[in-house]
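The values are calculated or read from the model by the stated rules, or taken from the named source; none is laboratory data. Note that this is a predicted model, so its numbers are computed, not measured. Quick reminder, even Gly has a Cβ in these numbers, built from the backbone with ideal geometry, and neighbours come from all protein chains shown.
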Amino acid sequence: MTQGLAGVPLSLEPLTKKDYTSDQEVRWCPGCGDYAVLATFQSMMATLGIKRENTVIISGIGCSSRFPYYVDTYGMHSIHGRAPSIATGVAISRPDLNVWVVTGDGDALSIGGNHLMHTLRRNVNVTIMLFNNRIYGLTKGQYSPTSELGKVTKSTPYGSLDTPFNPVSLALGAEATFVARTIDSDRKHLAEVLTAAAEHRGASLVEIYQNCPIFNDDAFATLKGPDGVLISLRHGEPIVFGGGEYCVIRDAQGEIRVAPTADVDPSHIVVHDETRTDPSQAFALSRLTEPGVLRQAPIGIFRRVERPTYDDLVRDQIAAVKADDTEAALKSVIAGSATWEAHERPA
Amino acid sequence: MADQLSLDRVVIRFAGDSGDGMQLTGDRFTAETASFGNDIATLPNFPAEIRAPQGTLPGVSSFQLHFANFDIVTPGDAPDVLVAMNPAALKANLRDLRKGGVIIVDTADFTKRNLAKIGWAHNPLEDGSLGNYSVHALDLTGLATGAVAEFDLSRKDASRSKNMFALGLLSWLYSRPVEGTLKFLSEKFAKNPTIRDANIAAFKAGHAYGETTETFEVRYQVDPAPMPEGRYRQISGNLATAYGLITGAHKAGLQLFLGSYPITPASDILHELSRRKDLGVMTFQAEDEIAAVGAALGASFGGSLGVTTTSGPGMALKAETIGLAVMTELPLVVINVQRSGPSTGMPTKTEQADLLQAMYGRNGESPLPVLAAKSSTDCFDTALEACRIAVKYRTPVIMLSDGYLANGAEPWKLPDLDSIEPIEPNFATGPNGQGADGKDVFLPYERDPETLARAWAVPGTAGLEHRIGGIEKAARTGNVSYDPDNHELMTLTRRDKLRRIVADIPDIEVDDPSGRARVLVLGWGSTYGPITAAARRVRLGGRDVALAHLRHLNPMPANLGDVLRSYDKVIVPEMNLGQLAVVLQARYFVDITRYSRVRGLPISLSELEVDLNAEIDSLKEEN
């Protein structure tokens, strides 16, 4: 499925990671999860087979939003929260471009929540990488809309009182057609999910769990440690994890929950289907993410469905009615339907 | 048969309840009048509420038309004729009517209860209080209902045809051509033949009523006005703005992309451009004002001409993105159809109080060109000019219109598209510099030595890949730079780029027919009409006054300082508390006499005439 890139010219020569590496010095903190995402992205881009000059990366503000500077394509480092709007303008007006948005949990879900929601709803053909480190990094350590309740930060010395967002649930609620989650430490999974997202025609949201070693170190350590579980979602496969010890079932009440595999009838194990038109099962799976300290979270593609994209529809509407001779049509529009002739008369 | 009397000009105001169709009636009368060849100027005035309570003063909607056999520039202050469809419309507009004026009033709603609703204890039609006017009290509703009796209409629908009856009567009274209205009604109600036929019947009945009854002893004739030879149409400021934008993009060979969010009184530009898919116009109704301008800037980054349209509160929201456009040096046209502020202010009323916001309303040193249209038709030329400057200099441009220009209409001589100069985007197509290693590279902030416009390479151009953004740019390379000297250099460069635009701006022209004027009246934006009209009267009264009008508010014409200094007194009438005056005083160290009116209406020309006379006379007394 390479529809997402239909219209983007193909490269005549094979490209490499190096071609997607700009001459700018990368300035993230040592140990930042962003490095792994950047490297994976640069390699992944080379595999798409498209022309390098036809990629545009738009970012907002925050640590992750420095991303465009480091990729040798066209790019814009824009305004806090507004990258999806700017990318929408690029995508509507240029069907030949591969458009990316790079954003973070503060940028996308706090100040830019409105734009994220509407871009997903419209299904504009852009791919959004949401770096979620559950903290404000660039402003030096305040809690974010994905920080757990009770989180102690500089701006919440007595603990955060805000209920966090689940970005995957949010995206599914906003009618997103492609919703996935991946993690900075698993480059293979990251590359796989990003490729699928790029190839999806429509708005793709990829939440990337990304570690901030300075202000929120080890936010995902429990998840990756011996006490945590990553529930890997694979299309067409039963959802089983923890070395087969656990699985996801739909219980007698119709709810999706985790159960020990040994205790359930194998026919009750949920077989993941990312193409279900109804988003309720994907939503139920997204709720298996713990809202507090992360011990359990599904990763993979939650939803991948086809729906006409806003930008295609805009262009189709114009193509259907556009005059062959726009100059003549413009003259006729300007003249309007009711004109009169004036002749020079003495005043 | 009534006698026919020739007049040189008439100001007529239609007033009624918000639901009475007064805007439509006014529009149609205007169209008839324009096609007849009179010069026209209109002033629609309506409440922000869609339907305020019936029969109340806040619910009154009106439409004023000034038409003449000579060149006019304002919709006029005092109506000669008031058509009032109910008591509230009479009360709300009576004080504006000139003494001896004509009142045509629908008596149907003059009940005790309706009179009490607006605080009238007595019926003014009976108590002699309208003795100073020529009153025609007619049961327009009853007459209209009678005229449409043959159609199977509800009582409500039947009485709604009263506006067409009134239009028919007025069309007869002022000898207007009726074919256009008949055609209009046939087309507008084509899908509902009963309503169509009823409206046409009411219109014809109104016309026949004037002809056959002896209510009116005189019928008026206003001859066509002399106008430069050519083909004309009637156009509102918002429509002219939309056409100017389309023409600008067309002349530049660029895709026009509008990102907008509905707001009064700018929405009609969005509406018109959304209809113009036949011309390839792309429109995007965004989730908010910020996304609207963001998408427009994104489209510009992609090589389109990005445009956003809004009004005051929307401008406040767009400020940050306009700042990004200043920093990224991309073309962007921002249209602000000003309305009364602050905050929500009076959404349907006009004002000019966003000038300082346009000039300075962003963080940091962020200069950008500001233009203002002086009349409804001038919106076309100003929008076109905004496109030209935006593309040529790679800069956001703010065009100021206002509610009065947006909704008001004038005759417009159709422009000759072929004679409009093309706009050259001059996209970068190859490397324009050398890197440290001697290799050819693309420097996105390399500038045209003349205009200081930066190189604009659009995505998809091989070898010119680059990144831009809101962080300060290193000169030439455009790389992120926090170097103190570079920041100062770039700040000065952005300022100097704006100054280079002066070379493209014609000198300001002074209109001083006698050459003896000591007082200069300088206007900007829609004050053009009232100032010009008031000055004519001042001159007719034997006094000398000079006029000048600014389209380019930033940068200003090169000769403006000299012009200001060559008069003993400079008066700047504005619909704000002296915003242009502040700028002129700071820039040219000249004494400016402020003339401020903030009533949500155009400046009154008769009031301005009196005040200008006094200013001129006081100068004489001093010497």
Before we move on, is residue B:108 surrounded by fewer than 22 Cβ atoms within 10 Å (Cβ to Cβ) and either within 30 Å of residue B:344 (Cα to Cα) or of a type in the set (Gly, Ala, Ser) (or both)? yes
Among residues of the stretch A:1-43, those that are surrounded by 15 or more Cβ atoms within 10 Å (Cβ to Cβ) and among the hydrophobic types (A, V, I, L, M, F, W, C), counted: 11
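Can you name the residue in the stretch B:473-497 that is part of a loop (DSSP other than H, G, I, E, B) and buried (at least 16 other Cβ atoms within 10 Å of the Cβ) and, of all such residues, is nearest to the other protein chains (Cβ to nearest Cβ)? Spell out the reasoning first.
At the first step, the residues of the stretch B:473-497 found to be part of a loop (DSSP other than H, G, I, E, B) are B:474-475, B:477-479, B:481-483.
Now narrow it down to the ones that are buried (at least 16 other Cβ atoms within 10 Å of the Cβ): B:474-475, B:477-479, B:481.
On the way: B:474: 11, B:475: 16, B:477: 10, B:478: 11, B:479: 7, B:481: 12 Å.
Ranking the qualifying residues of the stretch B:473-497, first place goes to B:479.
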Look at the stretch B:513-536 and say how many of its residues are on the phi > 0 side of the Ramachandran plot and more than 14 Å from the chain's Cα centre (by Cα). 1
In the stretch A:264-347, which helices (runs of 4 or more DSSP H) lie fully inside it and hold 1 or more residues that are surrounded by fewer than 14 Cβ atoms within 10 Å (Cβ to Cβ) and not hydroxyl-bearing (Ser, Thr, Tyr)? A:310-321, A:326-335
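With respect to residue A:171, is the statement that it is away from chain B (no Cβ under 14 Å), part of a helix (DSSP H, G or I) and on the phi < 0 side of the Ramachandran plot true? Explain how you work it out, then say what you get.
On the way: away from chain B (no Cβ under 14 Å): yes; part of a helix (DSSP H, G or I): yes; on the phi < 0 side of the Ramachandran plot: yes.
Yes, satisfied.
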List every residue pair whose Cβ atoms sit under 8 Å apart, with the two residues 6 or more apart in sequence or on different chains, where the first one lies in the stretch A:107-136 and is at positive phi and the second, anywhere, is aromatic (Phe, Trp, Tyr). A:123/A:310
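Condition check ((1) at the interface with another protein chain (Cβ under 10 Å from one of its Cβ atoms); (2) farther than 23 Å from residue B:285 by Cα; (3) in contact (Cβ under 8 Å) with a residue 24 or more places away in the chain; (4) out of contact with any Lys or Arg (no Cβ under 8 Å at 6 or more places or on another chain)) across all residues:
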position	(1), (2), (3), (4)
A:287	no, yes, yes, yes
A:293	no, yes, yes, yes
A:297	no, yes, yes, no
A:309	no, no, yes, no
A:314	yes, no, yes, yes
A:318	yes, no, no, no
A:325	no, yes, no, yes
A:335	yes, yes, no, no
A:339	yes, yes, no, no
Of residues in the stretch B:530-548 being assigned to a helix (DSSP H, G or I) and touching a strand residue (DSSP E or B) at 6+ places or on another chain (Cβ under 6 Å), the one surrounded by the most Cβ atoms within 10 Å (Cβ to Cβ): B:531
Could you grab me the full set of residues in the stretch B:201-231 that are at pLDDT 90 or above, out of contact with any helix residue (DSSP H, G or I) (no Cβ under 8 Å at 6 or more places or on another chain) and of a type in the set (D, E, K, R)? B:223, B:229
Those residues of the stretch B:245-297 that are more than 11 Å from chain A (Cβ to nearest Cβ), surrounded by fewer than 21 Cβ atoms within 10 Å (Cβ to Cβ), in contact with a Ser or Thr (Cβ under 7 Å, 6 or more places away or on another chain) and part of a helix (DSSP H, G or I) come to a total of 0
Filter the stretch B:599-623 down to residues that are surrounded by 17 or more Cβ atoms within 10 Å (Cβ to Cβ) and among the hydrophobic types (A, V, I, L, M, F, W, C) and give me whichever is nearest to residue B:78 (Cα to Cα). B:605
All positions within the stretch B:189-220 that are more than 13 Å from residue B:161 (Cβ to Cβ) and of a type in the set (D, E, K, R): B:191, B:211, B:214, B:217, B:219
